[in-house]
Amino acid sequence: MTQFEPKIVAFLCNWCSYVAADAAGVARLVQRPNVRVIRVFCSGMVDPGYVLKAFASGADAVLIAGCHPGDCHYISGNIKAMRRSFLLHKLLTDLGVEKERFRLEWIAASEGPRYATVVNEMTEQIRKLGPFRPASGSKPERSELTCRKEG
Amino acid sequence: MKKVGVYICHCGTNIGGTVDCHRIAEELGQEVGEVVICRDYKYMCSEPGQKLIRDDIRELGLDHVVEASCSPKMHEPTFRNACSAAGMNPYLFEMVNIREHCSWVTEDPEAATQKAKHLIRAAIARVVHQTPLKGSTKSVNPTAMVVGGGIAGITAALKIANAGYKVYLVEKEEIIGGKMAQFDKTFPTLDCSGCILTPKTSEVGRHPNIEILTKSELLEVKGFVGNFTARVLQKPRYVSIEKCTGCGDCQKVCPVEISSPFELGMTTRHPISRPFPQAIPNTYSIWRAGMPPCQAACPAGVNVQGYMTLTGAGKYGEALALVRERMPFASVCGRICARPCEDACKRGQVDAPSAICYTKRFLGDYEKEQGIDWNPPRKDPREEKVAVVGAGPGGLSAAYFLALEGYQVTVFEKLPVLGGMLAVGIPDYRLSKEVLDAEIRMVTDLGVTVKTGTAFGRDVTFESLEQDGYKAVFLATGLHVSRGLNVEGEDLEGVTGGIEFLRKWALDGDVTVGSSVVVIGGGNVAVDVARTAVRLGAKKVELVCLESREQMPAWEREILEAVEEGVVIHNSWGPKRFLESNGHVSAVELKRCTSVFDESGAFNPSYDEAEVLELPCDSVLVAIGQSSERLLLDQLGLEIAPGGRISVDPDTLATSRPGVFAGGDGVLGPATFVQAVAHGRQAARSIHSYIEYGGLRPIEAKEKPVPPEISEAERRRTPPISRHQMPMLEPEVRKNSFAPVELGFSEEMAQKEGQRCIECGICCQCGECVRACGPQAIDLSERERVRELEVGAIVVATGIDIFDASRYQEYGYGRYPDVITNLQFERLCNASGPTQGKVLRPSDGTVPQNVVFVQCVGSRDRAKGYEYCSKVCCMITAKQLSIFKHHNPNGQPYVFYIDNRAGGKGYEEFLRRAIEEEGAQYIRGRVAKIYQEGGRLVVRGENSLVGAPVEVEADLVVLATGLTPQKDYTSVSRALNLATDKYGFFMELHPKLGPVETALTGIYVAGAAQGPKDIPESVAQGGAAAGEVLTLFSVGQVEIEPTVARLEERLCTGCRTCVELCAYSAISFDDSRKTASINDALCQGCGTCAAACPVAAIRVQHFTPDEIYAQIEGILA
């Protein structure tokens, strides 16, 4: 039996976490291939809708990573991301998404090793948890989740 | 139908070795409809690679391009330019990172290939939604700021300035030169460090385009490339750079000596000094840590450290004059002050606080004994008259300071004597009338008129004073009425108020107490009343108070002295009623007080009525508080606060009536003597401002206090010395007389106490240097200020710190004086150093024969130090042992090393000379332990080449300490938002191709702040950073990316969520249109607004939801 390979979408801020992911690469820190990166300017730019969209499109987990509090390139975008994350967690729970499937992490530009650790840890954790299967009835329909932005 | 071209780079084998680029290219070309062409190529970033893209755009009419290769941080600009060159808008290009994020970190080639394919597919999905965008340009402010005045910063500053641009050189220390200024010689040429540095520093000093900001630190930087605004905190030098001639007269009179940081603690310096004669700026400056806690705790702000230090130096007159700047009554204060200064004294954290108060008493008494006058000079007399009502400490202080200012002052006093509570409230055994009168005479001798027996409201009023030409009035009427108890029997004969009792005794000398006295109250007045009763012959004096022994508000020493004199204290009792016998009080019935304060901390006693105690007595003295005369308050017609206190502005003490000021107990409630004096001085200043400037000026900026906790450095320089005890009369003697209990300090005791001061403010602001300075260049009232600098580019050259060798406890650094760091060794060799250039042992000043150098202290050591190699220490040691041999040709150097690293022009040759010609013995191995045996040190290590332990006897051990990031690197990285590596060195844009650029355009890094470097490298980087700055200035304008937020006005509901969120205030609410409005020039494109907009009316260009959604779908497809 082939083992389950989760699909994880990572939104990385351009100034800290994306640089950390690059640094992890330069240092050849081996990572599970399950995490796929979308570069954004700031963790504060990640619309909660993007996270829902990812789950609706088949992601098994979503990671948002930004600068440490106090180090945000845009003064406090990361804090705003954090403020949103509490409500988003609640919303996701209501939609039947387990807590582990959504993470917000602070990864500084110098923390390449930490980035690699987060990637590997999260992959293993989600692998254990199994694929994301929205509970019937509360399954987020693509149109439902995305009509706002696309319409 | 869109036409997309996809290009997949092999990056040699970097990508191609893991990811099957060719297969992906073939598959994608067939699978995705929009893809017109999909190529893979060995090096896409090469010219032939770029040409492929350009040609395809032209020939196939591509409208979008996807490039899959390395990180966009690396080559995004390269490929955008390639697209532009072929006439395509660069924002129709998308880059995929399949190297750092894929091929380099994925072990399984198939998995890597699949991941790469997904990432590329996502980019194709995204790119078709991308729209053409055009940036704008903005001009560059051709002014640079260089942070850090070491050799890297100096080089950058000079090169930019020489090109004709203005440079601000911001330096944390008082001089520029950085670490290089501390070195003696440089390797491998043995050039004198000072001789090659000082021409540079003096060129900076006199350069018309360079402005040096010393003692300055970066607080915050805003803006963007070409248009930064930096806020810089400039700490005071206290010595004007323009006026100081560098004569050094100030230094000769400075009474403070403190371990010198520039000399690494190997000698002392005066707080006013100049680190070395050729320093730039070539003027003196003062090292002041801040306001010491004693002064900060003193309500009157008396400069305690200053007068203690002067007393320690035997300069009693100057010390007393310093006291009098804020406290006229030194002798009185020295006897009765509440001493908040001593509670705050940092020496208290070592042994016991300095005896500040007794020392001040000595100063005041010494003046009188010697019959001299050490008052500040009086200014020229002025015509204006000022009235002071009340001759207590507050009123007299105001009169004193107003008289010194030149005013015609009249003091009106209701009582027949002057001094207020000092005269009628404090018994003689604490403060004798002679001492008090002498200090009051000092006030009247300044020309102050006094009118005793003159009551405000009865004999004078505001109107009469105005008519008599008084310009201002200071009310310091005090609290002269005892508060009542409100219990049964209070008006019985034999029950008296404590205040009235003390006043009657002081004025008439005629009061009687019974043989058995009960005093009610737990404060200082109650204790004074009790001790007075003892002295008046009462057989038994019992003191009753609500508070427990620990809670009693009276001072501990007063309570102890009272107990010694036989006063019995009953704690936690409250009076229930007074019992009578023939109309006279016969006993007090007490009830148990269970708590004094309620939960909110307010005075609200609760009792257990069942538990009672009866104290038989024939006199009761009630001292539970004081209040103003109600009648007086009514007559004033001023605003009165709850509790019967006069309302004033706390900064100016102005009352509700113009020209009338109030202070002291009447404003504060029962307060201390020193608080009253503080109010007196404050009122004098306010009145002066009122008369001189017609209005009330704001209060001057206060100096920041030093941390209240004692630091390690302070503890090191503070050996315990026991505090002198005040000589006192024996209890048996003193209880029968009103003779002073405390006898006073001798000159020797006072001087020794002065020397116990640990100088925690560093400079004590005693004013000796101010008096000695011919050109009057010193201003001790200078305060730190914040400057805003508008600059176009910033060079960060903040340098390095030296590893703290005491972390290797086994090496004994800090414990053995002859174990030193290599930077200390530089100072020993330096002609302007602590030994004038002789290499001598710090412990005994002898010439060392065996010198052992220990390498890699803090470097290449994951366990105790840093993992990295500090790069310079091998060469420093080779240089230092050569210098040592030149000083002492018979000496023998040993070096314990791990590897010798001598990469650099001429370095290896120099190292070989040190080994072969200077005869240094290099032992490969780590040192395990250094210990002292007899007068010598023994270095025990191992020789790893022969695999045997080895011991070397040493006269001097030099630790080759590593280079570390500056301790406060975070303040710079935070101010600039500049990333650091895990150690704290600033991160360059690219380790090879962008060594002085950073992720932030317009901000560059140079020198060892980026990582350990030697001088030539630092200089090269300084020059490189200057080159970057000059490129920016010469282009003159910067392109502003079009990736900013855009508002779809028809969707905006005007909810203002975005307005609140924007950290740059780029969004405002347009009242006429009832929508948000975005200012392009301020928007940084962070996208927080877009993420928060509930109706998706805001989108960040190039990061629109359409684009991101497509990318998500593509990535998961």
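Every read-out reported here was derived from the displayed coordinates using simple, explicitly stated rules and does not represent laboratory data. In this text, all values refer to a predicted model and were calculated from it rather than measured experimentally. A quick note on method: Cβ atoms are made from the backbone with ideal geometry, for glycine too, and the neighbour counts reach across all protein chains shown.
Just in region B:1033-1117: which GluC sites (Glu not before Pro) are loop by DSSP and have at most 16 other Cβ atoms within 10 Å? Loop-located and lightly packed - B:E1048, B:E1049. Amide H contacts of B:D191: B:T186, each under 5 Å away and 5 or more positions distant or on a separate chain (H built 1.01 Å from N in the peptide plane; Pro and chain starts excluded).
List the relative contact order of chain B as a percent without decimals, with contacts defined as Cα pairs under 8 Å and 6+ residues apart.
On the way: 2422 pairs, mean separation 155.6, N = 1117.
After rounding, I find 14 percent.
Per-residue 3J(HN,Hα) values for region B:648-660, derived from phi via the Karplus relation 6.51 cos²θ - 1.76 cosθ + 1.60 with θ = phi - 60°, read 9, 6, x, 7, 10, 6, 6, 8, 6, 9, x, x, 10 Hz in sequence order (x marks Gly and Pro). When the P(r) of region B:358-451 is calculated, the portion above 18 Å amounts to 47% of the C-alpha pairs. In angstrom, the C-alpha Rg and Dmax of region B:179-324 are 19.5, 60. For B:I569, the residues 5 or more places off, or on other chains, whose built amide H falls under 5 Å of its own are B:L543. Per-residue shielding of A:52-59, expressed as the average number of other chain Cβ atoms within 10 Å of the residue Cβ, stands at 4. Let a ≥ b ≥ c be the square roots of the eigenvalues of the Cα gyration tensor of region B:887-1033; is it rounded (a/c under 1.5), or, if not, prolate (a/b larger than b/c) or oblate? Prolate shape, in that a/c is at least 1.5 and a/b is the bigger ratio.
Looking at chain B alone, DSSP beta bridges between its own residues are antiparallel in about 45 percent of cases.
Calculated mean residue ellipticity at 222 nm for chain A: -13500 deg cm²/dmol, from DSSP H runs with n ≥ 4 weighted as -39500 (n - 2.57), summed, divided by the residue count and rounded to 500.
Here A:K128 is the anchor, and the lysines within straight C-alpha reach of less than 27 Å, apart from those fewer than 8 places off in the same chain, are A:K7, A:K53, A:K90, A:K99, A:K139, B:K115, B:K117. What fraction of the Cα pairs in region B:583-717, stated in percent, has a spacing above 17 angstrom? Tail of P(r) above 17 Å: 75 percent of Cα pairs.
Placing unit charges on the Cβ atoms only, positive for Lys and Arg and negative for Asp and Glu, gives chain B a dipole magnitude near 2560 debye about its Cα centre.
Of the trypsin sites (Lys or Arg not before Pro) found in region B:161-218, no site is in coil according to DSSP while having at most 14 other Cβ atoms within 10 Å of its Cβ. Taking N as the residue count of region B:260-351, its C-alpha radius of gyration divided by 2.2 N^0.38 Å amounts to 1.33. Once every Cα of region B:707-784 carries one equal point scatterer and solvent is ignored, give the base-10 log of I(q)/I(0) from the Debye formula at q = 0.13 Å⁻¹, two decimals. Here the Debye-derived log intensity ratios amount to -0.72.
For region B:391-460, a crude dipole built from +1 on the beta carbon of Lys and Arg and -1 on the beta carbon of Asp and Glu, taken about the Cα centre, is about 220 debye to the nearest 20. Enter the Cα centre distance for the pair region B:941-956 and region B:371-398, rounded to the nearest angstrom. Measuring centre to centre over Cα atoms gives 75 Å. Candidates B:G1023, B:I98, A:F102 compared by Cα position along the dipole of the protein assembly as shown: farthest toward the positive end lies B:I98, with charges placed on Cβ. The largest-to-smallest principal axis extents of the Cα set in chain B are 124, 89, 66 Å. Any idea what angle helix B:393-404 forms with the longest principal axis of chain B, computed on alpha-carbon atoms, 0 to 90 degrees, nearest 10? The two axes meet at around 70 degrees. Please state the shape class of region B:1-154: rounded when a/c is under 1.5, otherwise prolate if a/b exceeds b/c and oblate if not, all from the C-alpha gyration tensor. Oblate is the answer for region B:1-154, as a/c is 1.5 or above yet b/c matches or exceeds a/b.
Pairs exceeding 22 Å between alpha-carbon atoms, taken from B:K159/B:K905; B:K73/B:K172; B:K451/B:K471: B:K159/B:K905; B:K73/B:K172. Using only alpha-carbon positions in region B:856-934, the gyration tensor eigenvalues give semi-axes of 22, 19, 9 Å once each is multiplied by 5 and square-rooted (largest first). Along its three principal directions, the equivalent ellipsoid of chain A from the Cα gyration tensor extends over semi-axes of 25, 20, 12 Å, largest first. Each listed q (0.16, 0.25, 0.31 Å⁻¹) maps to a log10 I(q)/I(0) for region B:52-93 from the Debye sum over equal C-alpha point scatterers, namely -0.34, -0.80, -1.13. Expressed as a fraction of 2.2 N^0.38 Å, the C-alpha radius of gyration for region B:498-574 is 1.03. A simple charge model with +1 on the Cβ of Lys and Arg, -1 on the Cβ of Asp and Glu and nothing else charged puts the dipole of region B:939-1042 at about 200 debye relative to its Cα centre. For chain A, relative contact order (Cα pairs under 8 Å, six or more residues apart, normalised by length) works out to 34 percent. Converting phi to 3J(HN,Hα) with the Karplus coefficients 6.51, -1.76 and 1.60 and the offset θ = phi - 60°, region B:359-374 yields 5, 5, 4, 4, 4, x, 5, 4, 4, 5, 4, 7, x, 10, 10, 10 Hz in sequence order, with x at every glycine or proline. Mean projected area of the Cα convex hull of region B:761-865, taken over all directions, amounts to 13.0 nm². DSSP loop GluC sites (Glu not before Pro) in region B:380-456 with at most 12 other Cβ atoms within 10 Å of their Cβ, which ones? Sparse-neighbourhood loop GluC sites (Glu not before Pro): B:E383. A simple spin-label model places the labels of B:Q349 and B:S46 6.6 nm from each other, with each point 7 Å out along Cα-to-Cβ. Above 20 Å lies some portion of the pair distances; for region B:1045-1103, what is it as a whole percent of all C-alpha pairs? Result: 10 percent of Cα pairs exceed 20 Å. Radius of gyration (Cα atoms) of region B:898-958, expressed as a multiple of 2.2 N^0.38 Å: 1.32.
Across the options B:L1051, B:A1081, B:L1000, the greatest Cα extent toward the positive end of the charge dipole of region B:976-1117 (unit charges at beta carbon of Lys, Arg, Asp, Glu) belongs to B:L1051. Computed over the Cα atoms of the protein assembly as shown, pair by distinct pair, the Kirkwood hydrodynamic radius stands at 37.1 angstrom.
For q values of 0.11 Å⁻¹, compute log₁₀ I(q)/I(0) with the Debye formula on a Cα-only model of region B:293-425, without solvent. Here the Debye-derived log intensity ratios amount to -0.44. Since only B:T672, B:C244, B:I624 are under comparison, the one whose Cα sits farthest along the positive direction of the charge dipole of the protein assembly as shown, derived from C-beta charges on Lys, Arg, Asp and Glu, is B:C244. Summing charges over neighbours of A:R28, with a neighbour being any other residue whose Cβ is under 13 Å away from its Cβ, gives -2 when K and R count +1 and D and E count -1. Under 5 Å from the amide H of B:H990 lie the amide H atoms of B:E997, each residue being 5 or more positions distant or on a separate chain, with H modelled from the backbone and absent for Pro and chain starts.
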